[in-house]
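For reference, the structure discussed in these notes is given below.
The values are calculated or read from the model by the stated rules, or taken from the named source; none is laboratory data. Note that the coordinates shown come from a computational prediction; the quantities given were computed from them, not determined experimentally. As a convention, Cβ positions derive from the backbone with ideal geometry for all residues, glycine included, and neighbour counts pool all protein chains shown. These accessible areas exclude ligands, DNA and RNA; they are computed on the full protein's heavy atoms, side chains included. Shrake-Rupley method; radii C 1.70, N 1.55, O 1.52, S 1.80 Å.
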Amino acid sequence: MNYCVDTQELRKAMIDANLPTAVSLAEASGVDRNTIGLILNGKSKPSASVIERLARALVLDGEGIGRIFFSKKLA
């Protein structure tokens with residue numbers, strides 16, 4: 001089964017965490033802003049270490065991590 005990043009859910013989580021921009025999320029997570037930009041634009045899938053850093057910055061629980069980073073790809 002293929003998985004993808006649900007970029008809409010990721011953007012909602014960013015707003016909820018008061019990190020509305022790629023730059024603010026980059027500063028909070030320590031992930032390069034260009035990497036975050038690629039993820040937000042659906043051009044890159046994050047590695048496990050990047051998911052971990054983003055999840056900490058966004059204060060995501062396991063369900064949130066799964067919903068955002070392991071969304072089922074329907075196509």
Item to complete: Starting from the Cα of Ala17, step 7 Å along the direction of its Cβ; do the same at Glu63; then give the gap between the two resulting points in nm.
Response: 1.8 nm
Fill in: Derived scalar couplings ³J(HN,Hα) [segment 26-36; Karplus, 6.51 cos²θ - 1.76 cosθ + 1.60; whole Hz; x for Gly, Pro]
4, 5, 6, 9, x, 8, 4, 5, 5, 5, 4
Item to complete: Choose one of Ala17, Val31, Cys4: the residue whose Cα lies farthest towards the positive end of the charge dipole of the chain (beta-carbon charges +1 Lys, Arg; -1 Asp, Glu; about the Cα centre).
Response: Cys4
Item to complete: Note down the nm distance, to one decimal, between modelled labels 7 Å out along Cα→Cβ at Arg56 and at Leu38.
Response: 2.1 nm
Item to complete: For the chain, give the percent of accessible area contributed by carbon and sulfur heavy atoms, probe 1.4 Å, rounded to a whole number.
Response: 50 percent
Worksheet item: Which of the aspartates and glutamates could a cross-linker bridge to Lys43, judged by Cα under 14 Å and excluding same-chain residues fewer than eight apart?
Response: Asp6
Worksheet item: So who's got an amide H within less than 5 Å of the one on Ser71, skipping anything under 5 residues away but keeping other chains? H placed 1.01 Å off N, in plane.
Response: Cys4, Asp6
Worksheet entry | Å² per residue, accessible surface of the chain at 1.4 Å | 65 Å²
Fill in: Convex hull of Cα atoms in segment 36-75, direction-averaged projection (nm²)
3.0 nm²
Item to complete: Using θ = phi - 60° and the Karplus relation 6.51 cos²θ - 1.76 cosθ + 1.60, list the HN-Hα couplings for segment 52-62 in order, rounded to whole Hz, with x at every Gly or Pro.
Response: 4, 5, 5, 4, 5, 5, 8, 6, 8, 8, x
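With a cap of 14 neighbouring Cβ atoms within 10 Å, and only residues DSSP puts in a loop, list the trypsin sites (Lys or Arg not before Pro) found in the chain.
Numbers: sites: Arg11, Lys12, Arg33, Lys43, Arg53, Arg56, Arg67, Lys72, Lys73; in loops: Lys43, Lys73.
The qualifying sites are Lys43, Lys73.
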Worksheet item: Translational D (Stokes-Einstein, µm²/s) of the chain at 10 °C and 1.306 mPa s when Rh comes from the Kirkwood sum over C-alpha pairs?
Response: 132 µm²/s
